[in-house]
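Following: one structure in structure tokens, then a few remarks.
The values are calculated or read from the model by the stated rules, or taken from the named source; none is laboratory data. Predicted model, so just to flag it, every value in this text is computed and none were measured. Here the Cβ positions follow ideal geometry from the backbone for every residue, glycine too, while neighbour counts run over all protein chains shown.
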Amino acid sequence: MDSITQFVLGASISGALLGPRIGAKSLLIGGLVATLPDLDSFIPLGNAIDNMTYHRGFSHSILVQTALTPAIAFIIGKIVPSTWMHKKILLLTIWLTLVTHSLLDSLTTYGTQIFWPLNAGPPVAHPSIFIIDPIYTLLLLGGVLTMFFARKTIGGGFRANQILLAASTAYLAIGLVGNAVVASRAAADPAFENMRIHVQPTPFNTLLWQVTGISDDGFASGFMSLFGNCGIEHVVSTSRQKSAPGMLEVPASVKRLEWFTDGFYTYAEQDGKLSITDLRIGFYPSFPFSFEFAREKNGKMIAQVPQKITLSYQDRASDIFAMMGDTMSSCSTLQTKEDTGGN
């Protein structure tokens, strides 16, 4: 999730637990602690693929976060002595603000290595929310702001913060249910027959979902509304290259990306250049995580330092949102006809 959302989630949790004991300063403590895991994004790792696949790694591991919680709590206790009077609550607050950061990230498409360093499969990703969701963020922000501005009143806004924190959690649960419903419908769609399916919310909402399917040699993608009995709209089907053409052995970073995407990738060769693309994130044919990693030389593909392929989305964005709007509209129209007996 975006940094603002992670900050207000941590602030809301800290406000709910530490707030009644130390007041509004709990909001800043929780917000700052909740942003700590994303500091890993500032660590340079040598190439674009490693920068992507090692993000949300060790710093997002709930095992590492649990081990570091006492040290972080001790430091905060030294900086803000009033928190050390509530050691158990402080420890619980720090732990929750850290692990909820990782758990929230695992509810997005990107994936989060919450069990690092255990070899527990690819990063955990159960998409129930887009990386930026105004409703979720505003629920949390509403609670945090209410607590801050009402901190000198009777009740201090603590109850409002707790209620809105619970409402935001319920919103995530609704998204998980939506994922399951759409995945079940997509599995029965002929366009995705014999394919592995990945389902995720479209930008800024949980009403419209994107369905992506892959087979060894094929790829399909489309949109589906959560409501009504509509099928998948605007389905695009194309070929998929599972193995890197012209290379007997691909670089370790590229193999890691195969793992990171849980198999939702494709290779492509064009103009003597070889690339790999994460098919989970983006809309065909524009995918933000596409990397060139080899070039042809003397009839052979020679590996090079992976570089991210820069794409322009200005022209494509209007088409994408038009298809999203058309899907919602057509589904609503179909549902209305069904409700009125087709008249």
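Please count how many residues of region 277-307 are closer than 19 Å to residue 51 by Cα and either without any contact (Cβ under 8 Å) to a residue 12 or more places away in the chain or in a loop (DSSP other than H, G, I, E, B) (or both). Of the residues in that region, 7 qualify.
Checking 49, 72 one by one, the residue that is at pLDDT 95 or above, touching a strand residue (DSSP E or B) at 6+ places or on another chain (Cβ under 9 Å), surrounded by 18 or more Cβ atoms within 10 Å (Cβ to Cβ) and in a helix (DSSP H, G or I) is 49 and no other. A single member of 274, 248, 257 is out of contact with any Cys (no Cβ under 8 Å at 6 or more places or on another chain) and assigned to a loop (DSSP other than H, G, I, E, B), and it is 248.
Counting only residues that are closer than 17 Å to residue 251 by Cα and surrounded by fewer than 22 Cβ atoms within 10 Å (Cβ to Cβ), region 267-289 holds 5 of them. Looking across region 151-194, the residues that are crowded, with 16+ Cβ neighbours inside 10 Å and among the charged types (D, E, K, R) come down to 151, 185, 189.
Looking only at region 243-263, residues that are loosely packed, with under 15 Cβ neighbours inside 10 Å and in contact with a Phe, Trp or Tyr (Cβ under 9 Å, 6 or more places away or on another chain) come to 2 in all.
Scanning region 223-268 for residues that are in contact with a strand residue (DSSP E or B) (Cβ under 7 Å, 6 or more places away or on another chain) and among the charged types (D, E, K, R) gives 233, 240, 258. Apart from one condition, residue 127 fits all of (1) outside any helix (DSSP H, G or I); (2) touching a helix residue (DSSP H, G or I) at 6+ places or on another chain (Cβ under 9 Å); (3) farther than 21 Å from residue 8 by Cα; (4) not aliphatic (A, V, I, L, M); the exception is (3). Put simply, of 146, 153, 100, 137 the only residue that is in a helix (DSSP H, G or I), farther than 30 Å from residue 179 by Cα and of a type in the set (Val, Ile, Thr) is 146.
Remark: pairs (first residue in region 37-53, among the acidic types (Asp, Glu); second residue not in a helix (DSSP H, G or I); Cβ separation under 7 Å; 6+ apart in sequence or on different chains) = 40/55; 40/57. Name every residue in region 17-28 that is buried (at least 24 other Cβ atoms within 10 Å of the Cβ) and among the hydrophobic types (A, V, I, L, M, F, W, C), in order of residue number. Selection gives 18, 27. Of all the listed residues (214, 197), the sole one being over 24 Å from residue 331 (Cα atoms), at pLDDT 95 or above, outside the structural domain of residue 124 (by TED's automatic domain parsing) and surrounded by 15 or more Cβ atoms within 10 Å (Cβ to Cβ) is 214. Of the residues screened, residue 209 is one that is among the aromatic types (Phe, Trp, Tyr) and in contact with a strand residue (DSSP E or B) (Cβ under 7 Å, 6 or more places away or on another chain).
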